[in-house]
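Only one structure is covered here, and it is reproduced in the block below.
Bear in mind that the values in this text are calculations on the coordinates, not laboratory data. In this text, all values refer to a predicted model and were calculated from it rather than measured experimentally. All Cβ positions, glycine included, derive from the backbone under ideal geometry; neighbour counts span all protein chains shown.
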Amino acid sequence: MDNTDATPTPEPPSTKELRLALKAFRKRLKLTRLDDESRMGYGPTSSGQNSGVVAIVPPNQFSKAVWRELVKQGKVKPDGGGLYSLVKPPSN
């Protein structure tokens with residue numbers, strides 16, 4: 001028996017889908033940080049601390065294959081527990 005058709009290879013995510021996923025990830029991370037900074041204890045009359053949020057759960061409208069591809073490309077990194085963070089660009 002020939003099993004070549006039994007397990008088709010999944011198509012890799014398109015460049016457009018990867019770009020949209022990374023954009024959505026950056027936006028969600030930014031909003032999560034702003035939300036964290038807006039709670040009591042932060043602000044102009046406090047010590048002016050920045051948000052400690054560095055990793056988030058990625059937007060669920062994109063498949064896990066998209067996030068695996070972005071990890072492979074070095075755009076995001078897994079931080080465990082289903083959380084991902086942005087990879088900082090190398091400083092020159």
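Local charge sum around residue 87 (other residues, Cβ-Cβ under 13 Å, Lys/Arg +1, Asp/Glu -1)?
That sum, taken over residues with Cβ under 13 Å, equals +4.
With the cut-off at 18 Å, tell me which of the pairs 27/77; 23/88; 16/77; 23/77; 64/88; 30/64 have Cα atoms farther apart than that.
Exceeds cut-off: 16/77; 64/88; 30/64.
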